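Only one structure is covered here, and it is reproduced in the block below.
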Amino acid sequence: QVQLVESGGGLVQPGGSLRLSCAASGSILSIYTMGWYRQAPGKQRELVAAITSFRSTNYADSVKGRFTISRDNAENTVSLQMSSLKPDDTAVYYCNAQLGAHVYWGQGTQVTVSS
């Protein structure tokens with residue numbers, strides 16, 4: 001069983017930055033693909049960014065060049081550095097861990113981009 005706990009969400013003005021962190025426990029996370037998803041009101045949950053155990057990354061087109069995902073296997077953490085934030089980035093952000101059929105989610109953290 002894997003437990004994921006997100007932190008770092010909040011209110012930020014357009015153009016600002018935030019860093020989300022996800023602390024994982026319960027397994028050796030270095031072998032998992034880790035990711036961040038988001039869900040805005042009335043919309044489906046979507047992939048924002050993912051990083052494999054080999055540190056290969058994948059980003060949604062809407063965040064390329066603005067967001068950076070990273071992982072620290074020694075600390076069992078994954079982070080999402082978000083810059084040049086836009087109102088459309090407003091959503092609940094969820095940390096995700098995947099290994100084959102095993103999929104785990106955090107409880108989510110709210111990010112609101114507004115002036």
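The values are calculated or read from the model by the stated rules, or taken from the named source; none is laboratory data. All figures in this text were calculated on a predicted structure; none of them were measured in a lab. FYI the Cβ positions are ideal-geometry reconstructions off the backbone, even for glycines, and counts take in every protein chain you see. For the accessible areas, the whole protein counts, side chains as well, though only heavy atoms, and no ligand, DNA or RNA atoms are used. Shrake-Rupley method; radii C 1.70, N 1.55, O 1.52, S 1.80 Å.
Scanning segment 1-39 for residues that are among the small types (Gly, Ala, Ser) and under 27 Å from Ser56 (Cβ atoms) yields Ser7, Gly8, Gly9, Ser17, Ser21, Ala23, Ala24, Ser25, Gly26, Ser27, Ser30, Gly35. The residue that is surrounded by the fewest Cβ atoms within 10 Å (Cβ to Cβ), counting only those in segment 24-41 that are modelled with pLDDT of 95 or more and among the small types (Gly, Ala, Ser), is Ala40.
Counting only residues that are touching a residue at least 40 places away in the same chain (Cβ under 8 Å) and either touching a Cys at 6+ places or on another chain (Cβ under 6 Å) or assigned to a strand (DSSP E or B) (or both), segment 72-96 holds 12 of them. Scanning segment 6-23 for residues that are within 11 Å of the chain's Cα centre (by Cα) and open to solvent by less than 30 Å² (accessible area, probe 1.4 Å) yields Glu6, Leu20, Cys22. When each of Gln1, Gln44 is tested for being open to solvent by 80 Å² or more (accessible area, probe 1.4 Å) and either at pLDDT 95 or above or within 13 Å of Val111 (Cβ to Cβ) (or both), the lone residue that passes is Gln44.
Every residue, every condition in (1) outside any strand (DSSP E or B); (2) among the aromatic types (Phe, Trp, Tyr), yes or no:
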{"residue": "Gln44", "(1), (2)": "yes, no"}
{"residue": "Ala50", "(1), (2)": "no, no"}
{"residue": "Asn58", "(1), (2)": "no, no"}
{"residue": "Asp61", "(1), (2)": "yes, no"}
{"residue": "Lys64", "(1), (2)": "yes, no"}
{"residue": "Thr68", "(1), (2)": "no, no"}
{"residue": "Gln98", "(1), (2)": "no, no"}
{"residue": "Tyr104", "(1), (2)": "no, yes"}
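Considering segment 82-115, and only residues there that are within 13 Å of Gly10 (Cα to Cα) and in contact with a helix residue (DSSP H, G or I) (Cβ under 8 Å, 6 or more places away or on another chain), the residue that is surrounded by the fewest Cβ atoms within 10 Å (Cβ to Cβ) turns out to be Ser114.
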